[in-house]
1. Run the simple label-point estimate for Cys168 and Thr96 please: 7 Å along Cα→C-beta, distance reported in nm.
2. Among Gln188, His80, Ile92, which residue has its Cα furthest toward the positive end of the charge dipole of the chain, with +1 on Lys/Arg Cβ and -1 on Asp/Glu Cβ?
3. Could you work out the relative contact order of segment 2-206? I mean the mean sequence separation of Cα pairs under 8 Å and 6+ apart, divided by the number of residues, in percent.
4. Show which aspartates and glutamates lie in cross-link reach of Lys191 when reach means a straight Cα distance below 19 angstrom and same-chain residues fewer than eight apart are skipped.
5. Using a 7 Å offset from the Cα along the Cα-to-Cβ direction at both Arg20 and Arg8, what is the distance between the two label points in nm, to one decimal?
6. Cα gyration tensor of segment 2-206, axes a ≥ b ≥ c as square roots of the eigenvalues: rounded (a/c below 1.5), prolate (a/b > b/c) or oblate?
7. Between Met51 and Trp205, how many nm apart are label points set 7 Å from Cα along the C-beta direction?
8. Peptides 88-97, 5-14: what's the order by average Cβ count within 10 Å, highest mean first?
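Quick note: the coordinates plus some simple rules give every number you see, no bench work behind them. Here the structure is a predicted model, which means the values were calculated and not measured. Cβ placement follows ideal geometry from the backbone for every residue including glycine, while neighbour counts extend to all protein chains displayed.
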Amino acid sequence: MTERVRYRSREEWLEGRRLRNGVGASEAGAILGDNPSMSRMDLWKIKTGAMPEPDLSGNELFQRGIRMEKAVRYWFKCAHPELRVIHHPYDILFQTERPWLFATLDGEFTHRDSGEAGIIEIKNVQPRGRDGWAEWDGRIPQKYYDQLLHQHLATVRRWFYLVAAMWCANGDVIFREFEFRIDADREQDAKIVLQSEELFMNYVWRRQMPPTPIKL
C-alpha cells in the first residue's frame, strides 16, 4: 500500500527524510553506479556520517534548476490540458513494506477522463558537447532512468513524464519531454534497482563498507 507523509516546510521535510534513514529517488543512480557526479562509496560515506552532504548553494546549474522547476511544470500543464497536474513539494511517498525506499515528486497528474495517475520528473540540464546531447537523443539518460524506476518502486505508479529544460551554449532553452511507461522489461529493471538498493542499505545499516561494485 502506498503511504504519504506531508510536511509543512522544507526544514521539516529534510528532518523527516533524515529520520527515514533510507534511499531517495535522486540517489538511485549513485547506488547503481550510473551517476558520474557521485560514486556509490561517496553516498555510503554520506549515509553513515563519514562525509557531509555536498554544499550545492554555489552551484549555479543546481540553483537555476530550483528556480526553473515551477516554470517547467507550468509549461507541461499548458501542453497537456488532458491532465490534472498537482504538486506537493514536501510530501514523502513510500510503500508500507519498505518505508526506507521513498520519493518526493516534482509533480503528479491524473488523466481527466481515465483517472489514471502518473508522475512528472523535471530536469534542468546543460549538455556538454556532442556526447552530452547524444545522451538525450530519443532516450532518457541512464541515471534518470534509474530514478524513475525508483519512483515506480516507491509509488507503484506506471506512467511517467520526464520533462527537461535543456540549456544550449548560446543561452537558448529547449523543452523536451519523454513519456515513459513501466512494461514487463522495465519491471525486471526495477527489480534490479530494488535488489541493489536493499544490498546498499544493508551495508549502510551495518556500517560496513560495500564492495565495488556491489554484486547481486
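1. 5.2
2. So the residue furthest toward the plus end is Ile92.
3. That works out to 24 percent.
4. Glu27, Asp34, Glu97, Asp146, Asp183
5. My value for the distance between the label points is 2.0 nm.
6. It comes out rounded by the Cα gyration axes.
7. Here the modelled spin labels are 2.3 nm apart.
8. 88-97, 5-14
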